[in-house]
Structures are given as C-alpha cells and as structure tokens.
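Asker: Before I ask anything, let me first share the structure, which is written out below as structure tokens.
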Amino acid sequence: MPSTELHLLGTKDFVALEDAYGAQNYRPLDVVIERGEGVWVYDVEGKRYLDCLAAYSALNQGHCHPKLLATLIEQARKITLTSRAFRNAQLPLLYKDLHELTGFEMTLPMNSGAEAVETAIKAARKWGYTQKGIPENQAEIIVCENNFHGRTVTVVSFSTEDQYKNGFGPFTPGFRAIPFGDARALCAAITPNTCGFLLEPIQGEAGIILPPDGFLREAAEICRENRVLLMADEIQSGLGRTGKLFAYMHEGIRPDVLIVGKALAGGFYPVSAVLASREILGVFQPGYHGSTFGGNPLACALARTALRILVEEKLVERSAELGEYFLARLKKVQSSIVREIRGRGLWIGIELDTSARPCCEALKQEGILCKETHGRIIRIAPPLVIQREEVDWACDRISKVLA
Ligand SMILES: *Cc1c(COP(=O)(O)O)cnc(C)c1O
C-alpha cells in the first residue's frame, strides 16, 4: 500500500491488517498508538491515554524523553554498531556508570531480557563447575513457582506456566522450582550441585507478588551458607519501579548476580546486562559467550543517558513517594469486585474476583491503558515521570471503573 494512503487508515483498518498478516501471539487491546510523550500516548484517532503499563516498565523515563531522543540522534550520526570484535568509545563508559551506580564490579551487556537471563544461567553454571567443583553437567539452579524470566526455550523450561511451555519441549534440564517466598523450601531444594537461586525479588508477571517480609534476607543468608549464587532478575522490578533503585534494596541485601533490562535504555532500544563480581563474570574467557549487538555504542549511549535521567530527575524517589500516594488512594476505593490491592513504589496490582479484561477495556474507554495479567489482576505501572495531578486523574477513573 502506498504510504500516502496510510494516514487515511483508522483503528479498525490497523487491527484488520495486524490480524491478517501478524502472528497472533498477543491479544492486545484495540488501541493503535501513534505517538507518545511522557506518561501520555495518542492513538491514530487522536485520542489521548495515560499509559499505566509503561511497556512492562521499559518506559520508566516516560515516552520519547527529549534527552534520550537527543542521544539517539547524536550517537546514530556518529556510529551505531562496531561488534565486539573491536572496542567502542561508549561501552567502557557504560561499564563505569553501572559500576558507580550499583557497586557491582563487572557488567556483561546483552540486548533482550531473556538473553541476559540466559547469560546469568551460563555464568552460574560455569561458576559452579570451575569455582565450586560441581561435576560436569550436574549443575542445578533453583527457581520460584510462577516465575517469569522470558521466553527462550531454556527460560520456559523452568516456567511453571502451562501456556508458556505446552508444545515447546523438549526442555533444558537442571532446574528445580520452589514456592516463592518459602525459605524452608529453598533450604530443602539445595544439593551439593546447586550453583544458583534465580528469583524476581517481587514477581511482576505473576501479578505484583511481594514475598513475606524477611524472605530476601533469609534467602541471601541460605545462599551464602551453601555457596549458592543469589541471582536477582530485576528486569522489571529494577531501575526505580518499586521505589528503590532495585527491589532487593528493600531488605538491605545484595545479590551475587543482578540482571537488568527493560528501562535500562528508557524504551528506545533493547539493552540488558548481567552485573556481578569479578569472580563470577570472570568465568567468561574470550569466545565463551557473545552477542553481535550486545554492548553496541548506540545501546550504550542510550543506557548511559537513561541512567542519568533516573538520577537527575529523582525518579526513584518519585516512585517511592507517588507510589505510596497512589496505593493509599486506590485502597480507599469502594468496590465489590476487588479482592486485594498491593504494591510497592509505582507498581501496583489490583486483584479482582472476576476477569480483569473487561475492566481494562473500560479503563481504555476512560483514557487509561492497563493490561491484565494472570486473568484477574490489573497491573498499574505508569512511567515514573508521572505527576501527582496525573495520579489523581488516574485514581478518579480507576475508582469509577471498579465501582
Ligand atoms: C520482561 C522480563 C524478562 C524478559 O525480557 P525480554 O526483554 O522480554 O526478553 C525477564 N524477566 C523479567 C522479570 C521480565 O519482566
């Protein structure tokens, strides 16, 4: 179709085209977004919506942040990709920024979140064999039930969700699932061959599930005593979403391996990374692991700016303050269909007694975009640049829909 005709297309036309030619591995709301700015997006009909999903927290810095846009253009004019066969002038600076912000000694850059999870698994296994003396091919990693760590075959191998797995086997062995938040089960699952415990400090896709208080501290202690690497997947919970830079900070612990992605480049680019000590990431020698695009200069320049925005605009503090306000306001909502409202920072789960999809459709009519997770849970996760008046605006509409 000539591009001159495209501006005549409306929502229905785009939906029809998408359904005709695209694989149907998602069931999106029928809103066709054309542009965005901060917390707001605009559809092809010109209607405005408050984005309360923020691309599963990849947009903590808001849509089309002007500083990220400037970085994108500036860096794209210079150079975008070198491959790791050569060095580039952005990657070392990102390493340094990440080290100074997080305190971790080393970084290994990748692109998607799932790739970073795979990288962490490889690191833990190799560490298990070379440092802990686990017999070859016997390494085990403990994970939590209802986890979400991505969609590759190895990652879905340790999912407990049928629809993520059915028909995709055979699966990668070497994983064992325990109930999330159960320190006793963690102890019981550890064997001499356990190299790592991989978890989301707060489970996102499962529906913003907070572990019992003290669990992270206990888990860290158990891992330390048994020489098991504690691996925190903070792809969704990290970079300010929960009101701390990382969710593990709520219990004053530090994981051995930290996995980040999503908001690391503020929605402009897929950038992920694994952070750990020299002892752990040192297991990778030249040729052991890699990625054509991982660590490319455009990705690194964007990630550096995205991190700077988090700090300069105090987005972590904003998430803590406005998240508390948002949660308190939502908890006052009178509704017969709400079972529980919980959250931390600007990451709130509203669990209903009924399907959440009709609520998400109704919220869309009111100008709020949310996506249900696990059928009955509405996740509220706006960009962290949201203002108090916008929180009020959203609360009024959410209250109306829930009532
Ligand atoms: C989104 C997500 C991933 C996967 O990231 P992709 O970039 O989609 O591969 C992994 N872990 C968690 C906790 C996530 O939220």
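Asker: Could you figure out which of (1) part of a helix (DSSP H, G or I); (2) touching a residue at least 40 places away in the same chain (Cβ under 8 Å); (3) surrounded by fewer than 17 Cβ atoms within 10 Å (Cβ to Cβ); (4) of a type outside the set (Val, Ile, Thr) isn't true of residue 334?
Answerer: (1)
Asker: Being at pLDDT 95 or above and either within 12 Å of the ligand (Cβ to nearest atom) or not charged (D, E, K, R) (or both) is the requirement here; does residue 244 meet it?
Answerer: Working: at pLDDT 95 or above: yes; either within 12 Å of the ligand (Cβ to nearest atom) or not charged (D, E, K, R) (or both): no.
When the stated conditions are applied, residue 244 does not pass them.
Asker: Mind listing whichever residues of the stretch 123-164 are open to solvent by less than 40 Å² (accessible area, probe 1.4 Å) and assigned to a loop (DSSP other than H, G, I, E, B)?
Answerer: 134, 139, 147, 149, 150, 158, 159
Asker: Which of (1) without any contact (Cβ under 8 Å) to a residue 60 or more places away in the chain; (2) within 12 Å of the ligand (Cβ to nearest atom); (3) over 25 Å from residue 278 (Cβ atoms) does residue 118 not meet, given it meets every other one?
Answerer: It fails just one condition, (3).
Asker: What are the pairs, 6+ residues apart or on separate chains, where a residue within the stretch 137-155 that is within 16 Å of residue 173 (Cα to Cα) has its Cβ under 6 Å from a residue that is of a type in the set (Phe, Trp, Tyr) and more than 13 Å from the ligand (Cβ to nearest atom)?
Answerer: Listed by first residue and then by second, the contacts come to 141/175; 142/197; 143/175.
Asker: Mind checking which residues of the stretch 259-272 are away from the ligand (no atom under 12 Å from the Cβ) and buried (at least 24 other Cβ atoms within 10 Å of the Cβ)?
Answerer: The answer is 266, and nothing else.
Asker: Within the set of pairs 6 or more residues apart or between chains, which connect a residue that is within 8 Å of residue 201 (Cα to Cα) and in contact (Cβ under 8 Å) with a residue 40 or more places away in the chain inside the stretch 227-238 to a residue that is more than 7 Å from the ligand (Cβ to nearest atom) and small (Gly, Ala, Ser) with Cβ atoms less than 7 Å apart?
Answerer: Every condition considered, the pairs that remain are 237/247.
Asker: Let me ask something additional. Looking only at the stretch 44-64, how many residues end up being small (Gly, Ala, Ser), surrounded by fewer than 24 Cβ atoms within 10 Å (Cβ to Cβ) and over 11 Å from the mean Cα position of the chain (by Cα)?
Answerer: First, pick out the residues of the stretch 44-64 that are small (Gly, Ala, Ser): 46, 54-55, 57-58, 62.
If we keep only those that are surrounded by fewer than 24 Cβ atoms within 10 Å (Cβ to Cβ) as well, we get 46, 55.
Next, from what is left, pick out any that are over 11 Å from the mean Cα position of the chain (by Cα): 46.
Qualifying residue count for the region: 1.
Asker: Given the criterion in contact (Cβ under 8 Å) with a residue 40 or more places away in the chain and closer than 29 Å to residue 257 by Cα, identify the matching residue among 93, 50.
Answerer: 93
Asker: May I pose another question? Of 305, 292, which residue is among the β-branched types (Val, Ile, Thr), touching a residue at least 12 places away in the same chain (Cβ under 8 Å), under 21 Å from residue 82 (Cβ atoms) and in a loop (DSSP other than H, G, I, E, B)?
Answerer: On inspection, the qualifying residue turns out to be 292.
Asker: Right, something else. Do you know which residues across the stretch 308-331 are in contact (Cβ under 8 Å) with a residue 12 or more places away in the chain, farther than 26 Å from residue 342 by Cβ and open to solvent by 30 Å² or more (accessible area, probe 1.4 Å)?
Answerer: 308, 311, 313
Asker: OK, next. Look at the stretch 280-336 and say how many of its residues are at pLDDT below 95 and farther than 27 Å from residue 244 by Cβ.
Answerer: Matching residues across the stretch 280-336 total 3.
Asker: Looking at the stretch 81-117, which of its residues are open to solvent by 60 Å² or more (accessible area, probe 1.4 Å) and farther than 15 Å from residue 289 by Cβ?
Answerer: Residues satisfying the conditions are 81, 86, 87, 89, 92, 93, 95, 96, 99, 100, 105.
Asker: Looking only at the stretch 121-135, filter to residues that are in contact (Cβ under 8 Å) with a residue 40 or more places away in the chain and more than 16 Å from residue 281 (Cβ to Cβ); which one of those is farthest from the ligand (Cβ to nearest atom)?
Answerer: Across the stretch 121-135, the extreme among qualifying residues is 135.
Asker: Output the helices (runs of 4 or more DSSP H) that fall wholly within the stretch 1-120 and possess 3 or more residues being at pLDDT 95 or above and of a type in the set (A, V, I, L, M), or say none.
Answerer: Values: elements: 3-6, 11-21, 54-57, 66-78, 91-102.
Filter on the stretch 1-120 gives 11-21, 66-78, 91-102.
Asker: So, one more: From the residues in the stretch 176-198 that are open to solvent by less than 40 Å² (accessible area, probe 1.4 Å) and touching a Phe, Trp or Tyr at 6+ places or on another chain (Cβ under 7 Å), which one is farthest from the ligand (Cβ to nearest atom)?
Answerer: 183
Asker: If I filter the stretch 165-175 for residues that are open to solvent by less than 40 Å² (accessible area, probe 1.4 Å) and not in a loop (DSSP other than H, G, I, E, B), do I get at least one hit?
Answerer: no
Asker: Out of all the residues in the stretch 203-221, is one or more in a strand (DSSP E or B) and within 13 Å of the ligand (Cβ to nearest atom)?
Answerer: Filtering the stretch 203-221 down to residues in a strand (DSSP E or B) leaves 203, 209.
Subset that is within 13 Å of the ligand (Cβ to nearest atom): 203, 209.
Yes.
The values are calculated or read from the model by the stated rules, or taken from the named source; none is laboratory data. Predicted, not measured: the structure shown is a model, and the values here were computed from it. Don't worry about glycine lacking a Cβ; one is built from the backbone with ideal geometry, like all the others, and counts go over all protein chains shown. Please note that ligands, DNA and RNA were not included when accessible areas were found on the heavy atoms of the full protein model with its side chains. Shrake-Rupley method; radii C 1.70, N 1.55, O 1.52, S 1.80 Å.
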